[in-house]
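Following: one structure in C-alpha cells, then a few remarks.
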Amino acid sequence: MAIGLHDSSIKNPVIRWVDQRLPVFTMMQKEYGTFPTPRNFNYFWNFGALAMVTLMIMIATGIFLAMNYTPHTTYAFDSVERIMRDVNYGWLIRYVHMNGASMFFIVVYIHIWRGLYYGSYKAPRELLWILGVVIFLLMMATAFMGYVLPWGQMSFWGATVITNLFSAFPIVGEHIVTWLWGGFSVDNPTLNRFFSLHYLLPFVIAGVVFLHVAALHITGSNNPLGIDPKGPQDTLPFHPYYTAKDSVGLIVYFIVFASLVFFAPNYLGHPDNYIPANPLVTPAHIVPEWYFLPFYAILRAVPDKLGGVLLMFGSIAVLFILPWLDTSPVRSMRFRPIAKWTLFLWLIAFFVLMWAGGKPAEEPYVTISRIATAYYFAYFLVILPLLGRLERPLSLPESIALPVLRGGGPMPAGAVAKPMEKA
Amino acid sequence: MRDLKRGFRNLVGAMALGAAALGMATPAQAAGEAIAIPNANFSFAGFFGTYDRGSAQRGLQVYKEVCSACHAMHLLSYRNLLEIGLSEDQVRALAASFTVTDGPNDLGEMFERPARLSDRFRRPFPNELAARAANNGAYPVDLSVITKARADGANYVRALLTGYVEPPEGFVVAEGMNYNAYFPGHQIAMPAVLNPDQVEYADGTAATVDQMARDVATFLAWAAEPEAEQRKAMGVRIILFLIVLGGLTYAVKRKIWADVAH
C-alpha cells in the first residue's frame, strides 16, 4: 500500500479531509454501501443484522443498569427493584435488557439454523462459522452470569448447579469450582466477579462480531441457492437494497420485542427469581433460562455426571468441526432432498430437548432426552458425513440471475439491477 | 408477486421459529404446578387493564389492619401510596400513624419520630429470627413483589386467601399447620386470617372473605408492578407506531426493489 494521503472520492471537503487521513468513510462506503451482495436473499438473511442491533441494545441498556445496580449479596435484589421503581424509566431499561437476552438467543438460534440449512458453514466460510460459534459461546457465558446478578432464588441456585458441573472433572474439579466461586459456596465474591465479567464479555463479543463481519466481507455472503455469484448480474449493492430489506425485518422484530417487554415482561422468566436468594432453601425445580434448556437436557440425559458435562460441551464443540463433517459440496439444502429432512428432524430434536430440559429429571423425559440427544449428535457425526457421499443432490442452477431452477418457479430473466439514484 | 409471497413465507417461517421457541419455554415454569388456580378476572388483567383504585385502597386497608401484623413490604415507601389515588394529606396522616427509628442525632443517639412520606413501610419484625420466633418457626415472607414471585401471582394470592377449606378425608395436617386448597403441598403455616367483616370498609363495600382477598390481591399486584399501567399504555403507543413505521418501511423497500427482478 502506498504511503500518503488516501485517494478519497468523497466530495464534502470536511469529510474528505478526514477520509484522506483515515479512510473510514471510504471503508463504510465499500463495506456497507456498494458491497456486492447476492440478489436473492430471503428474510432469513435479516437475522445477522438483527443480532447486531440486539447486541447494541443490550450494551446500551446494560450500561445504564450498571449505573444503578449494586453487586453485593445484601443489596443486589433490592437494587434491581429500586431500578424498577425509583429510577426514571428504570423498569423499561431493565425489562428491555432482561427480555433482550431472550430475543438475542431467538435471533441467534434462527441465524445459526439459517447457516445450517443453507450450508453457510462450508468452504470458504469455515472460519466465519467458527467465529460465530465463538460468539455463541461468549453469549452463553454472558447470559448465564447476567442471570445471576438480580440475586434471586434461580440466580443463586442456577449459579450453584452450573458452576458445580466443573466438579465432575477428576482431581482438579473441586479446585476449579472453589476458584470459580472465590470461596466455598456461591457468595459475594462470586457475585462480584460475575458482575465484572458480565460487563466485560459483551465488549469481547463486539470484538469477535467485528472479526465475524470482517471475515464475511472477505468471502461474501452465502445465499439461499448456495452457489457463488458469477458476476455483477448476480449481486446488488448492499445499500439501498439490503439496508431497506433489513429495515423491514427490524421493524417486525421490534414489534415482537415490544410485545414481550410491554405486555409480558416476566413471561420468559421464572417467578422464583423474584424471591431473594436464600442458600438455605432449595427451589422445588431448578431450571435454567429457556435458551439453555436444550443443553441442560443433554447434560441430564447421561447417567454419569462427567459424561453429561462432556456431552453438553460436546454439543457445542461439534459445531466447530461441522465444516469438515459435512462432506457434501452442495451448500443449500434446497438441492439436498434427503439431508433437508434430516435437518428438519434435527430441529425437532432441538425443540424436544428444549421441552424436556424444562421437565423434572424423571421418566419419560429422560428417555425422550436420550433419543433426542442421540439424534442431535448423529446428525453431525453420522448423517452429514455419510450423506455427502450417498445422497444425489438436485442439479444446481447455473447462476443466481438465470432462470434455470428446474422444477422450481420461473425467475424473470434479464433486468440487471441498477443502483438507485440517491436523492 | 410470487416472490413477494415467498419472502413473506420466509419471514413468517422465521417468526414461527421464534414463536415456537417462546412457546417451548413455558413448560419450564409449569413444571410442578399441578393445582389449577381459578381466574379472578382482575381489572388489571389484559392489554389495557388498569388497577381498580377503590379496590387497591381497600386492599391497603386489609394489608394495614391484617397482613402487616406479620408481613413486611420493605420495598414500598409511604409516598408510593399516592399512586393508588390517595391524597397527600391522607398518606401523610397514614404515615404519621407509624413510629420509626431515626438517627443518630447530634448527640449520637437514635430517636423515634412519626413516619414521613419518604419512609419505607414499617416492618413488623426487626429481623427474620424475630419473625420466626413470633410465628412458630415460620417466616412470613415479604409481600413487596409477591405477585411477581408466584406463578399467576394475583390470582394465586386471592385463591390462597380463600382456600382455607376442610381437608379431604384422610389428609393428615401436621401440628401447627393449616390445610389450604391452593398452597403447594396443601399445608401452610399461615392460619386463615380473613373472616367475614374482618375490616370495616369506609366506602361501605361488604367485607366478605372473597372481597377482602380480591382487594388485597389488587393492592399487592399494584405493589409488585406499580409501573404496569404506564408500561401497557406506552406499549400500545409504541406498537401502533411500529406498525405504521413498518408499513412505510415496507413501502420504501418495495419501491427500492421495484426495478429488480428477484
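What are the membrane-span-like helices in chain A by this rule: whole DSSP H runs, Cα extent along the axis at least 18 Å, mean Kyte-Doolittle hydropathy at least -1.0?
Qualifying helices: A:47-68, A:90-117, A:126-148, A:188-219, A:243-263, A:305-320, A:337-357, A:365-378.
Sort A:GLU362, A:GLU31 by heavy-atom solvent-accessible area, probe 1.4 angstrom, most to least.
Details: A:GLU362 95, A:GLU31 35 Å².
The ranking, largest first, comes out as A:GLU362, A:GLU31.
For chain B, take the longest principal axis of its alpha carbons; what is the angle in degrees between that and the long axis of helix B:53-65, to the nearest 10 within 0 to 90?
30
In Å², what does the accessible area per residue of chain A work out to with a 1.4 Å probe?
For chain A, the per-residue accessible area is 45 Å².
Counting only other residues whose beta carbon sits under 12 Å from that of A:PHE238, what net charge do I get with K and R as +1, D and E as -1?
With Lys, Arg at +1 and Asp, Glu at -1, the net is +1.
Just the accessible area per residue of region B:53-226, please: how many Å² with a 1.4 Å probe?
Ligands and nucleic acids excluded, the figure is 50 Å² per residue.
GluC sites (Glu not before Pro) within region B:173-262: which are DSSP loop residues with at most 12 other Cβ atoms inside 10 Å?
Sites meeting the loop and neighbour criteria: B:GLU175, B:GLU200.
Report the residues of region B:114-157 in range of a label on B:ASP102: point 7 Å along Cα→C-beta, backbone N strictly under 17 Å from it.
B:114-123
Evaluate peptide A:355-361: per residue, the Cβ atoms of other protein chains within 10 Å of its Cβ; return the mean as an integer.
Average neighbour count from other chains, rounded to a whole number: 4.
Do you know which residues of region B:220-262 lose at least 50 square angstrom of accessible area in the protein assembly compared with their chain on its own, with a 1.4 angstrom probe?
B:GLU227, B:ARG231, B:MET234, B:ILE239, B:LEU242, B:THR249, B:LYS253, B:ILE256, B:TRP257, B:ASP259, B:VAL260, B:ALA261
Using a 1.4 Å probe and ignoring any ligands, DNA or RNA, find the accessible area of A:SER185 and quote it in Å² to the nearest 10.
50
I'd like the accessible area for A:THR342, computed on protein heavy atoms only with a 1.4 Å probe and all protein chains in place. Round to 10 Å², please.
Looks like 20 Å² after rounding.
With contacts defined as alpha carbon pairs under 8 Å and 6 or more residues apart, what's the relative contact order of region B:53-226 in percent? Walk me through the intermediate numbers first.
Details: 262 pairs, mean separation 51.3, N = 174.
Over region B:53-226, the number comes to 29 percent.
With Cβ to Cβ distances under 12 Å as the rule, what net charge do the other residues near A:ALA101 carry (K, R +1; D, E -1)?
0
For region A:143-216, which chymotrypsin sites (Phe, Trp or Tyr not before Pro) pass both filters: DSSP loop (anything but H, G, I, E, B) and at most 14 other C-beta atoms within 10 Å?
Answer by residue number: A:PHE184.
Would you tell me the accessible area of B:TYR139, worked out with a 1.4 angstrom probe on the heavy atoms of the protein chains, in Å² to the nearest 10?
The value for B:TYR139 is about 90 Å².
On a 1.4 Å probe surface of the protein chains, which of A:ILE110, A:ILE171, A:ILE63 comes out largest in accessible area, and what is the full order?
Result, largest first: A:ILE171, A:ILE63, A:ILE110.
Are any of the pairs B:LYS64/B:LYS232; A:LYS30/B:LYS253; A:LYS245/B:LYS255; A:LYS30/A:LYS122; B:LYS232/B:LYS253 more than 23 Å apart by Cα-Cα distance, and if so, which?
Flagged as over cut-off: B:LYS64/B:LYS232; A:LYS30/A:LYS122; B:LYS232/B:LYS253.
What percentage of the solvent-accessible surface of region B:53-226, computed with a 1.4 Å probe over protein heavy atoms, is contributed by carbon and sulfur atoms? Before the final figure, lay out the partial values.
Numbers: 4420 of 8740 Å².
Solvent-exposed carbon and sulfur of region B:53-226 make up 51 percent of the total.
Springs between alpha-carbon pairs under 10 angstrom, Gaussian network model over chain A: which of A:THR373, A:THR282, A:THR37 fluctuates most?
Most flexible of the set in this elastic network: A:THR282.
Under 18 Å Cα-Cα from A:LYS340, which aspartates and glutamates qualify once same-chain neighbours fewer than 8 residues away are excluded?
Excluding near neighbours in sequence, the set is A:ASP326, A:GLU391.
The values are calculated or read from the model by the stated rules, or taken from the named source; none is laboratory data. All figures in this text were calculated on a predicted structure; none of them were measured in a lab. Glycine gets a Cβ as well: all are built from the backbone with ideal geometry, and neighbour counts include every protein chain shown. Ligands, DNA and RNA are excluded from the accessible area calculation, which covers all protein heavy atoms including side chains. Shrake-Rupley method; radii C 1.70, N 1.55, O 1.52, S 1.80 Å.
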